[in-house]
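The structure appears below as structure tokens.
The values are calculated or read from the model by the stated rules, or taken from the named source; none is laboratory data. These figures come from a predicted structure and were not determined experimentally. Virtual Cβ from ideal backbone geometry, glycine too; neighbours counted across all protein chains shown. These area figures cover heavy atoms from the full protein model, side chains too; ligands, DNA and RNA do not enter into them. Shrake-Rupley method; radii C 1.70, N 1.55, O 1.52, S 1.80 Å.
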Amino acid sequence: MFARIAEKPWIVLLLASFLFLLQALPLFQTRWVEDDSWYSIVAYSYLQTGQLRHITFNPDDVRTLDSRPPLMTFVLAASFKLLGVGIWQARVPSLLFALGTVWVMFFVGLELGGAAIGALAALLAACETFLVITARCARPDSAATFCSMLAVLFYLYCRRKDSMGYAVACGLSLGAGMLMHVNGLAGALGVGLLILIDYPLTFWRNARVWVVVLISTLCLAPCFYLLAANPAVMASFRAEYLSRTDIPLGQRLMDEGDRYAGWIGLTKIGSLPFRVPLRLPIVIVA
């Protein structure tokens, strides 16, 4: 089977893309979640006023100024500008980023293990629950994932080809991921771990490593400057990210329970007194 896949990996990639779209496109304009509004409102406000504001908030609310990483808002604003304002226009960027992730995973697998591994990586990504769900939401999850995995791919190319250009591309991708969402930090940590594995004692002498660090840091510099220079933005940042730091870790993990339940497909079936994790086999395989 692996030999046959290796002979025609591009066909498998196209099938994986079709499989992903088959899951993501039905009911594409349904299942409203709060973040659909939070991001779309700010993007619409930016189009109308040129400011990153939650225009539905009370003007006295310190969170009126949006202190979140701005890149996803700019992407949504561009979508509204080009395609008009609507539900599918707000969600199509997430769909494209998620589909792009399937393709990036193919090339990561291709780089690490050959055509068969690349094809299987694309199939697994196409069936990943969170990726399918976030492809139908105006949220930055799939965008941050795409940028982070693209950074991993560029790092692998940089390592094999000893290329400074790919080091720059890796840093830009990491910066873009962090500008999409704070979870983009996970991508930076992942690339950092790969660097430590490859150069455990000599990473600090590797010029390409410093290029990755410098470029990704420079991408974040405007945000740091704005926080330092604008007290109103800093107040919004504190309210958004620091006001909930006193919640116990156990409580925060419990609040995330629905996400993990969705990941393993925890479903109530008939009169059974417990829920069945229908997607658990897929998670284990992945």
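Before moving on, here are some points about what is shown:
- Within region 208-247, restricting attention to residues that are under 24 Å from the mean Cα position of the chain (by Cα) and among the charged types (D, E, K, R), the residue that is least open to solvent (accessible area, probe 1.4 Å) is E240.
- Picking from residues in region 9-38 that are among the hydroxyl-bearing types (S, T, Y) and either outside any helix (DSSP H, G or I) or at pLDDT 95 or above (or both), the one that is farthest from the chain's Cα centre (by Cα) is T30.
- Scanning region 52-66 for residues that are open to solvent by less than 20 Å² (accessible area, probe 1.4 Å) and either without any contact (Cβ under 8 Å) to a residue 40 or more places away in the chain or small (G, A, S) (or both) gives a single hit, H54.
- Which numbered condition R53 misses (of (1) within 26 Å of P231 (Cβ to Cβ); (2) out of contact with any helix residue (DSSP H, G or I) (no Cβ under 9 Å at 6 or more places or on another chain)): (2)
- Which numbered condition T64 misses (of (1) within 17 Å of P140 (Cβ to Cβ); (2) β-branched (V, I, T); (3) out of contact with any helix residue (DSSP H, G or I) (no Cβ under 6 Å at 6 or more places or on another chain)): (1)
- Those residues of region 127-159 which are among the charged types (D, E, K, R) and over 19 Å from W103 (Cβ atoms), in sequence order: R139, R159
- Those residues of region 98-116 which are among the small types (G, A, S), assigned to a helix (DSSP H, G or I) and open to solvent by less than 40 Å² (accessible area, probe 1.4 Å), in sequence order: A98, G100, G109, A115, A116
- Residue that is surrounded by the fewest Cβ atoms within 10 Å (Cβ to Cβ) [pool: residues in region 194-207 that are part of a helix (DSSP H, G or I) and in contact with a Phe, Trp or Tyr (Cβ under 7 Å, 6 or more places away or on another chain)]: L196
- Scanning region 165-205 for residues that are closer than 30 Å to S67 by Cα and over 13 Å from the mean Cα position of the chain (by Cα) turns up A167, V168, A169, C170, G171, L172, L189, G190, V191, G192, L193.
- Every residue from region 248-278 that is at negative phi and open to solvent by less than 60 Å² (accessible area, probe 1.4 Å): G250, G257, A261, G262, I264, L266, T267, V276, P277
- Some residue of region 66-84 being modelled with pLDDT under 95 and in contact with a Lys or Arg (Cβ under 8 Å, 6 or more places away or on another chain): yes
- Yes/no for P69 being in a loop (DSSP other than H, G, I, E, B), free of Cβ contacts under 8 Å to residues at least 24 places away in the same chain and not aliphatic (A, V, I, L, M): no
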